[in-house]
Amino acid sequence: MVMNSMVQLVKQLSGKLSPSIYTSMQQQSAAARLSHLRQIQRELKQEDVLDKKLTELPFVIFDLETSGFYPDKGDCILSIGAVKMKGSDILTEETFYSTIQCKKEPSDEVLELTGLTRDELAASPPLAEVLTDFYQFTGHSTLVAHHASHEKSFMSHATWQTLRTTFQHRIIDTSFLTKVVVPAKKLVTLDECCEYFNIPVQKRHHAKEDALMTARLWQANIHLAREAGFDTLRDVYTFLAKGRTGEASR
């Protein structure tokens with residue numbers, strides 16, 4: 001991508017430029033990234049994905065590794081992993097992964113769980129840079145995550161704190177389809193879902209690997225949803241809304 005190439009060029013030239021020129025180029029790059037994000041947000045407001053066929057929708061399946069559960073109490077994003085899908089097709093060549101500098105040092109337990117190291121995180125790019133790169137990768141695709149409330153809370157907090165703009169992407173939890181296609185099963189964790197759908201579990205709690213497993217889960221659910229007669233997101237929303245209405249009337 002042109003913007004990424006420009007950023008790489010700036011980094012390569014940084015040692016050969018005066019601090020003032022390098023700072024100016026960084027500011028111009030940041031302004032260009034933010035302008036691109038605002039263009040994406042305008043497109044999101046104009047696009048209605050509810051009536052597009054599930055087999056045609058562009059998705060980005062993503063996962064965050066974080067230092068804790070509470071972004072408003074100082075917990076931060078340690079890494080982002082993602083893969084693109086077109087309908088039920090996983091585009092394995094189109095992936096995103098980056099670790100991120102964390103102001104709050106993660107605990108030994110978190111580092112052991114994720115396999116990340118303090119040195120690796122210290123050498124990583126800052127959150128604002130990774131977020132804008134991620135949004136450029138995502139474009140106006142619909143986001144999907146497992147236990148999406150966790151991802152949404154961190155993305156909303158991080159986007160506002162670093163870019164001073166709101167998180168506007170539609171984000172869907174995998175349970176949106178799972179509870180439609182296998183309503184009798186109480187599948188909660190990603191491991192339970194992968195076991196039920198015979199998805200190989202590899203390198204858990206690595207953001208990119210978890211995103212790929214989540215993509216395979218979403219793929220399996222799209223196939224089953226289509227077989228059950230659900231063609232669009234609106235079909236699923238309508239079905240779930242009727243279910244909630246029926247429960248409330250009992």
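The values are calculated or read from the model by the stated rules, or taken from the named source; none is laboratory data. Only a predicted model underlies this, so the values are computations on that prediction, with no experimental measurement involved. Here the Cβ is made from the backbone with ideal geometry for all residues, glycine too, and neighbour counts use every protein chain on show. Quick note on the areas: whole protein, heavy atoms, side chains included, nothing else; ligands and nucleic acids left out. Shrake-Rupley method; radii C 1.70, N 1.55, O 1.52, S 1.80 Å.
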| query | Between THR66 and residues 5 or more places away or on another chain, which pairs have amide H atoms under 5 Å apart, with H built 1.01 Å from N, and which residues are they? | reply | LEU78
| request: Using per-residue counts of other Cβ atoms within 10 Å, averaged over each peptide, order 232-239, 129-136 from highest down. | output: 129-136, 232-239
| note | For the range 47-137, the Debye formula with one identical point scatterer on each Cα and no solvent gives log10 I(q)/I(0) at q = 0.11, 0.16 Å⁻¹ as -0.40, -0.73
| remark: Scalar couplings 3J(HN,Hα) for the range 194-207 by Karplus 6.51 cos²θ - 1.76 cosθ + 1.60 (θ = phi - 60°), nearest whole Hz, x for Gly and Pro, are 5, 5, 5, 9, 6, 9, x, 9, 9, 6, 4, 6, 10, 4
| message | Please report the net charge: other residues with Cβ closer than 9 Å to the Cβ of PHE96, K and R +1, D and E -1. | response | 0
| Protection proxy ranking of 62-70, 102-110, 157-165 - average other beta-carbon atoms within 10 Å, highest first | 62-70, 157-165, 102-110
| query | Taking H as built 1.01 Å from N, whose amide H comes closer than 5 Å to the amide H of LEU91, not counting residues under 5 places away? | reply | LYS84, MET85, LYS86
| said: Can you compute 3J(HN,Hα) from phi for each residue in the range 216-222, using the Karplus curve 6.51 cos²θ - 1.76 cosθ + 1.60 with θ = phi - 60°, rounded to whole Hz and x for Gly and Pro? | reply: 5, 5, 4, 4, 4, 5, 4
| said: In Å², and per residue, what accessible area does the range 66-147 have when probed at 1.4 Å with the other protein chains present? | reply: 48
| field | Listed pairs LYS52/LYS186; LYS73/LYS185; LYS53/LYS242; LYS53/LYS203 exceeding 27 Å between Cα atoms | value | LYS52/LYS186; LYS73/LYS185; LYS53/LYS203
| said: Give me log10 I(q)/I(0) at q = 0.10, 0.15, 0.20, 0.23 Å⁻¹ for the range 144-250, Debye formula, one equal scatterer per alpha-carbon, no solvent. | reply: -0.35, -0.74, -1.11, -1.26
| If you roll a 1.4 Å probe over the range 100-250 with all protein chains in place, what percent of the accessible area is carbon or sulfur? | 51
| query | Which three extents, in whole angstrom, do the alpha-carbon atoms of the range 73-213 cover along their principal axes, largest first? | reply | 43, 34, 32
| note | Counting only residues 5 or more apart in sequence or on a different chain, those whose built amide H sits under 5 Å from that of ILE172 are LEU143, VAL144, ALA145
| said: Report the gain in length on full extension from LEU50 to SER35: 0.36 nm times residue separation, minus Cα-Cα distance, nm rounded to one decimal. | reply: 2.7 nm
